[in-house]
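The values are calculated or read from the model by the stated rules, or taken from the named source; none is laboratory data. From a predicted model like this one, the values you see are computed outputs, not experimental measurements. In this analysis, Cβ positions are derived from the backbone assuming ideal geometry, glycine residues included, and neighbour counts consider all displayed protein chains.
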Amino acid sequence: MDGRIGTHQTLAGLLADKESVRKAIELINSLERLEAVVTINGTTQRFPIRYTGTGAYIEIELSTATASE
Amino acid sequence: MKFPTDLAEYIRNPALMQALLNRVRALQRLEIIWKVDGVVTRSPVKVAGQGAAIPVVLTTAAPEPELDLHPETVVWWDRILAAGGSVSEASILLADALIRAVNAAAFNSKVKYLLPLLGDDIIAARVPLRDFIDAGIAGNVGFTNADFSESTGLQGDGSTKRLELEDNTIADLGSNGGLGWWELDAPVGLNVMLGGYRSTTSAGFILYTSSGFIRFRWGTSANGVNTTLPMENAHYYGQRSAATLREIFKDGTSLASNTTSDAATGTGEQMVRLMGGQRDTETFYWGGRCAVAYMTDGTLDAGEVADLHALLNTYLITPTGRTPSTGWDAETDTWLAAISSAGGTVSEASTIVANRLIRAIKGATWGSKIKYLLPLLGDNLAAALQPLRDTLGAGAPANANFANADFSESTGLQGNGTNKRLTLTGFSAASLGTGGNGGLGWWENNPPAASTTVLMGNYRTSTTAGFILYSSSGASAFRWGTAGNSANAGPGYTANPSAHYYGQRSSATSRFLYLNGSAVDSDANSDAATGTGERTLTFFGAQNASDNFFWGGRAACIYLTDGTLTSDQVAELYEILQAHLITPMGR
């Protein structure tokens, strides 16, 4: 997404800047598909965002165990 | 859901606006939940000004270093775990350093069995660090965790506890053999540290003590070799390196040898024991404290014996902090001083008995409840009358008519039932516990015929109420207050038994009589125990308003308590007196 979202202190200003509103909503839409991309020792794993009723989280499960014995 | 980008949609549909705001609100609370090896860490987003960040702190724990253990250590550790024992990493490393040092020594292959007594419990302590003779984990007879700690070693009791190895393992040492033992609390008298006897003769393969020496035998009894001095807290080692050489070492130095030819017949026919021995039907239990025991093939030269001593000291005795017992307990010291001051004498052997007795009592959770204790030890009456415990500050009882002839350490103090008594002048039942409580203990081993008389205690000045252990026509009884509120060993009990009597009043409604540690009767009538401060506390009798009583029995031990022992504690006290006084003195 290009361009900054304008800052508006009043509702009238916001309503007049339809481009900023569009960008803000596109940003929110993009964040719906947010994911953490974790690369360890050259191996990449992707962990998507999850929304709950009131919050959001990305759960990353890792193991430090290495093959031994 | 995907939100429309046209603002007009939101103006037309307030619910859509609400959903959009909810989405923004949710993103305000975004967090990363890390699950690393099952450990959950939460990293929330931090919104500040026009920026936002999710700070994440992850630490990579240093990997547990793999213990690079000697194979013998690994086997030892596995055996401990398989047996259900426990051992700390520090002890494992200590054992590992020890066995590596042994492996690096010139005599390595000559050490066939090594019991370092390491670990957290009696199970671990019984597992040999080296076991080339397949002696196995030493079987346990009587030891508990309380008998063992890494910093002190393994404490025997001289009467019931020992370790048992697989039978006939002496033969596995080779044609020769050696027995090693590091003692920290040397007992006295005839006893066996380790080894095995032949099954039906006194010939054997043992390291043992007798009065005045420590001896190593590898074959017939006559060909043993011994020191000229009594056993001390030291490292002893005996070995047979040839038919014509048996030698005994102390702290790595040779003390004596025997060169009579002995074929060492019967190395393959014994029951092998540690902390004791077994000869046919004769049983030995070691009363000392062991720091390490081991067996060799018997072929160490003098330099190697010295090196082995230094090695054990460096890698086991010193790092575990195992130090020999030194000096006497403070109460034993006080007792010895009182004996000396009274013109009495006591042998070292009896002092050891007294010392163990007072330490055993001291080691009990209820030990402070014993207020006064006459163990009746010493070479003469002056010694026998000195209390080993005297928190009353009463000192020795005043003697009425007892003579030296009435006393023997191996039996006790004999009363006559007519004119011999002991009195704690200035002390009464009120001197013992609080709130009118108190306890009277007496170990009788030569009771008189059934009669009505008193063993110990005191009466009120003008009534038959009293605070006494007594015998009513032979029936043992305990009174602490009015005569009607006694606890009595009634029908079914032997009149005047040879037994350990103990009576106590622990509250106005609790008076118990115990025989040999078990309650035989109680009385729960409320009794204020009025008059505990009257008359003098007497042993071998008492005096009431109209009668003088004398006990004609023989005391093996007399004591006073504060009256608050539980039933279990009474039983434990009985066991301690039996194990640490009656049995060792042969009473």
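Computed quantities for the displayed model
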item: Any hit, the stretch B:125-135, residues being over 30 Å from B:THR260 (Cβ atoms), of a type in the set (Val, Ile, Thr) and at pLDDT 95 or above; result: yes
item: Scan of the stretch B:6-20 for residues that are of a type outside the set (Gly, Ala, Ser), more than 10 Å from chain A (Cβ to nearest Cβ) and exposed (fewer than 14 other Cβ atoms within 10 Å of the Cβ), ordered by number; result: B:ARG12, B:ASN13, B:PRO14, B:GLN18
item: The one condition in (1) at negative phi; (2) crowded, with 21+ Cβ neighbours inside 10 Å; (3) in contact with a helix residue (DSSP H, G or I) (Cβ under 9 Å, 6 or more places away or on another chain) that B:GLU534 fails to fulfil; result: (2)
item: All positions within the stretch B:21-48 that are surrounded by 15 or more Cβ atoms within 10 Å (Cβ to Cβ), under 60 Å from the mean Cα position of the chain (by Cα) and facing another protein chain (nearest Cβ under 8 Å); result: B:GLU31, B:ILE32, B:ILE33, B:TRP34, B:VAL36
item: Set B:ALA405, B:ALA396: member being more than 23 Å from B:ALA499 (Cβ to Cβ), surrounded by 20 or more Cβ atoms within 10 Å (Cβ to Cβ) and modelled with pLDDT of 95 or more; result: B:ALA396
item: Any chance B:GLY417 is assigned by TED's automatic domain parsing to the domain that holds B:LEU373, at pLDDT 95 or above and farther than 15 Å from B:GLY533 by Cα; result: yes
item: The listed residue being over 21 Å from B:PRO375 (Cα atoms), outside any loop (DSSP other than H, G, I, E, B) and not charged (D, E, K, R), out of B:SER462, B:SER451, B:SER471; result: B:SER471
item: Flag if B:SER261 is out of contact with any Gly (no Cβ under 8 Å at 6 or more places or on another chain) and over 19 Å from B:TYR197 (Cβ atoms); result: yes
item: Of all residues making up the stretch B:86-115, the number that are in a loop (DSSP other than H, G, I, E, B), hydrophobic (A, V, I, L, M, F, W, C) and at pLDDT below 95; result: 1
item: Members of the stretch B:237-292 that are among the polar types (S, T, N, Q), in contact (Cβ under 8 Å) with a residue 40 or more places away in the chain and touching a helix residue (DSSP H, G or I) at 6+ places or on another chain (Cβ under 9 Å); result: B:GLN239, B:THR253, B:SER254, B:THR267, B:GLN270
item: Only one of B:GLY268, B:GLY287, B:GLY204, B:GLY224 that is buried (at least 22 other Cβ atoms within 10 Å of the Cβ) and either within 21 Å of B:ASP172 (Cβ to Cβ) or of a type in the set (Lys, Arg) (or both); result: B:GLY204
item: Identity of the residue in the stretch B:339-387, modelled with pLDDT under 90 and over 17 Å from the mean Cα position of the chain (by Cα), that ends up nearest to B:GLY287 (Cα to Cα); result: B:ALA349
item: Counted residues, the stretch B:476-496 - those being buried (at least 18 other Cβ atoms within 10 Å of the Cβ) and of a type outside the set (Phe, Trp, Tyr); result: 11
item: The stretch B:143-181, subset small (Gly, Ala, Ser) and in contact with a Leu (Cβ under 9 Å, 6 or more places away or on another chain), residue nearest to B:SER109 (Cα to Cα); result: B:GLY178
item: Given (1) part of a helix (DSSP H, G or I); (2) in contact (Cβ under 8 Å) with a residue 60 or more places away in the chain; (3) touching a Ser or Thr at 6+ places or on another chain (Cβ under 9 Å), index of the condition B:ASP307 fails; result: (3)
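Here is a yes/no grid of residues against (1) surrounded by fewer than 13 Cβ atoms within 10 Å (Cβ to Cβ); (2) modelled with pLDDT under 80; (3) facing another protein chain (nearest Cβ under 9 Å):
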site: A:ARG4; (1), (2), (3): yes, yes, no
site: A:ALA12; (1), (2), (3): yes, yes, no
site: A:GLU32; (1), (2), (3): no, no, yes
site: A:ARG46; (1), (2), (3): yes, no, no
site: A:TYR51; (1), (2), (3): no, no, yes
